[in-house]
1. Of the residues TYR68, TYR13, only one is assigned to a helix (DSSP H, G or I), of a type outside the set (S, T, N, Q) and either open to solvent by 70 Å² or more (accessible area, probe 1.4 Å) or closer than 18 Å to MET118 by Cβ (or both); which?
2. Go through the residues of segment 33-55 one by one and say whether even a single one is free of Cβ contacts under 8 Å to residues at least 24 places away in the same chain and assigned to a loop (DSSP other than H, G, I, E, B).
3. Please go through (1) surrounded by 13 or more Cβ atoms within 10 Å (Cβ to Cβ); (2) farther than 14 Å from HIS139 by Cβ for ALA43 and return the number of the only condition it doesn't satisfy.
4. Taking the condition out of contact with any strand residue (DSSP E or B) (no Cβ under 8 Å at 6 or more places or on another chain) and modelled with pLDDT of 60 or more, does GLY103 pass?
5. Return the residue satisfying two criteria in turn: it lies in segment 16-32 and is in a helix (DSSP H, G or I) and not polar (S, T, N, Q), and of such residues it is farthest from the chain's Cα centre (by Cα).
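The values are calculated or read from the model by the stated rules, or taken from the named source; none is laboratory data. For clarity, every value in this text was computed on a predicted model and none was experimentally measured. Positions of Cβ are generated from backbone atoms using ideal geometry, with glycine treated the same way; all protein chains shown enter the neighbour counts. For the accessible areas, the whole protein counts, side chains as well, though only heavy atoms, and no ligand, DNA or RNA atoms are used. Shrake-Rupley method; radii C 1.70, N 1.55, O 1.52, S 1.80 Å.
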Amino acid sequence: VIPIVMAGVIGIYGLIIAVILAGNIPTPANTRENVYSIYTGMAHLCAGLCCGLSGLAAGGCIGIIGDYGVRSVGYRSSNINVVFVGGDGSKIGGGGFEEGEEGGNGDENKLFVGMLIMLIFSEALALYGLIVALIVSQHSYPCGE
């Protein structure tokens, strides 16, 4: 659940930048003069790309960390046997619990805290992109003045 919520927050970052950029675009004049300069357009493009690409990188990190974290915490906290069987029927790897052995010996809490810290730092990538996009989006050069 936590990786899904964090990925949703990254989408909200993009929405914030989109609303700010849309508010900074001036309406065209009736005299057919250009009021939206190329400099301002490129600044807005760079702001959108900065927020989008950092969100893409953070989303990839959150997806990978969330996948491996949920698998490891879930396998350790339950009595699921994870055994890979080869083509000849032999067991390739363990990963489960032996008979009579209990799962969930407290290590899953350490794994969960580590996963949560990695998720927070992955979210920071998108937050840094949002901050840079906010700074870049405020650059403008007015036309025709």
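1. Values: TYR13 fails: either open to solvent by 70 Å² or more (accessible area, probe 1.4 Å) or closer than 18 Å to MET118 by Cβ (or both).
Every option except TYR68 fails the conditions.
2. Step one: list which residues in segment 33-55 are free of Cβ contacts under 8 Å to residues at least 24 places away in the same chain, which gives 38, 41-42, 45, 49.
Adding the requirement that they be assigned to a loop (DSSP other than H, G, I, E, B) leaves none.
There is no residue in segment 33-55 that is free of Cβ contacts under 8 Å to residues at least 24 places away in the same chain and assigned to a loop (DSSP other than H, G, I, E, B).
3. Of (1) surrounded by 13 or more Cβ atoms within 10 Å (Cβ to Cβ); (2) farther than 14 Å from HIS139 by Cβ, only one is false for ALA43: (2).
4. On the way: out of contact with any strand residue (DSSP E or B) (no Cβ under 8 Å at 6 or more places or on another chain): yes; modelled with pLDDT of 60 or more: no.
When the stated conditions are applied, GLY103 does not pass them.
5. Applying the first criterion (in a helix (DSSP H, G or I)) to segment 16-32 yields 16-24.
The next check asks that each one be not polar (S, T, N, Q); those that pass are 16-23.
Values: ILE16: 15, ILE17: 16, ALA18: 17, VAL19: 20, ILE20: 21, LEU21: 21, ALA22: 23, GLY23: 25 Å.
The extreme case among them is GLY23.
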